[in-house]
1. What list of ³J(HN,Hα) values in whole Hz, one per residue of region 123-139 in order, does the Karplus curve 6.51 cos²θ - 1.76 cosθ + 1.60 (θ = phi - 60°) give from phi, with Gly and Pro shown as x?
2. Going through the cross-link list LYS136/LYS163; LYS4/LYS366; LYS77/LYS135; LYS101/LYS163, which pairs have a Cα-Cα distance over 19 Å in this structure?
3. Treating each Cα of region 191-352 as an identical point scatterer and ignoring solvent, apply the Debye formula and state log10 I(q)/I(0) at q = 0.12 Å⁻¹.
4. Taking the Cα centre of the chain as the origin, how large is its charge dipole in debye, to the nearest 20, when only Lys and Arg (+1) and Asp and Glu (-1) carry charge on their Cβ atoms?
5. Return the long-range amide H neighbours of VAL256 (sequence gap of 5 or more, or a different chain), with a cut-off of under 5 Å between placed amide H atoms.
6. Given charges of +1 on the Cβ of Lys and Arg and -1 on the Cβ of Asp and Glu, with all other atoms neutral, how large is the dipole of region 191-352 about its Cα centre, in debye to the nearest 20?
7. Taking just the C-alpha trace of region 116-198, give me its Rg and Dmax in Å.
8. Between LYS234 and ASP304, what length in nm is gained on full extension when 0.36 nm per residue of separation is reduced by their alpha carbon distance?
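Readers should treat all values here as calculations from the given coordinates under stated rules, not as data from a laboratory. Only a predicted model underlies this, so the values are computations on that prediction, with no experimental measurement involved. Positions of Cβ are backbone-derived with ideal geometry, glycine not excepted, and every protein chain shown enters the neighbour counts.
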Amino acid sequence: MSNKIRIGLDIRDLRIAKTGSRTYLEEIYNQFKSDKYDCEFVFFDTSIPVYTGQYKLLKLIEHIRFIIWKQIILPIKANLNHCDILFCTDYFVPYFTPGFKAIPVFYDAFFFEYSSHYNAQWLKLFKIFGVNAAKKAPFIITITEYARNRISHFTGIDRQKIKAIHLAPKKMAVAEPEPGYTPTFNIPTSKFILHVGTLEKRKNLVRLIEAFNLLRLSGHHDYSLILVGQPSPKNDMDDSAAISEIIDRLGLRDFVLTPGYASDQDLAYFYKYAEIYAFPSINEGFGVPVLEAFHHQLPVIVSDNTCLPEVGGDAVLCFDPFNVEDISNKMKALIEDKELRSELIKKGSERLKLFSWERNAEELIKTFRAAVNKN
């Protein structure tokens, strides 16, 4: 009889998720399929199509089906497959866990911090089936020490039960743009500053645009600002209207570009030829674009709050995200101080080595083993 621990992974979310949680599940799924680890793995999925549209009645039915999957079908599958651990990467684990232990992933505390931005019924389900089940779990996985502290603060769960395991950059579909490739829209200047992410209010892009305007007023007219990303699907979180308004008010329509969705070739081009990566967010769970910028040897400036200094370490230049002048000064420093620029690029390449999906999977399995042995 095998002494290997048996780990079940819920992969149903691969049919639904479109954001960072999908990337996380994909990468962990790929690691667990690779035969690198001294464990047995079982992957649980549904054969029933998952509804992802906007029709309210069908969305309600899908929510009910989701609860049935999590609270009835999944624990039965885990029990019948003799799992020691059931790992769920979408906040929700079964409340009853006959014969196994369940461990969820909580990426951040946004459900608590921005509760008004979420569907009221979904929040009730999260608190009943997500938080309460997590309190019974031997451990909860999160992605930064910052998120660990916030989750503990809002849920009352002991920090010792919450394990912070850092993410890694996603492998880009196109690592390098094709030789001679030019993006699908015109960039009016020879140099540009880059930001990649959804146009949400927490991304703080209005202040970044105001800071960019100060940069131009200081004499750096040979730069554009490219904000890659689509509007938020949640209207009260979306900041695209305010972004468009500030661009027009400052007369920057030709120099602040908002291309929306970027093709793989365009994205590879932006990362390769950008001069600076700017990350002014006022709330993040992790900030994977920091690592993607390191990978492309870009100097990075980030907000001095939440998890971004933790992820960037001494390889980033920090600013006060509420101080437009400070943001502008940090961009200016990287433009004018070539030695500082080179130093950050070098440190970024070194820091990137600390983050890998192999290391993430190893830390997960170490946590699973501890959970199996925990009373």
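1. Taking θ as phi minus 60°, the curve returns 5, 4, 4, 4, 5, 6, 9, x, 5, 5, 5, 5, 5, 7, 5, x, 8 Hz for region 123-139.
2. From LYS136/LYS163; LYS4/LYS366; LYS77/LYS135; LYS101/LYS163, over 19 Å: LYS77/LYS135.
3. With one equal scatterer per Cα and no solvent, log10 I(q)/I(0) is -0.46.
4. Computed charge dipole of the chain: roughly 1560 debye.
5. Amide H neighbours of VAL256: LEU225.
6. 180
7. 20.7, 56
8. 22.6 nm
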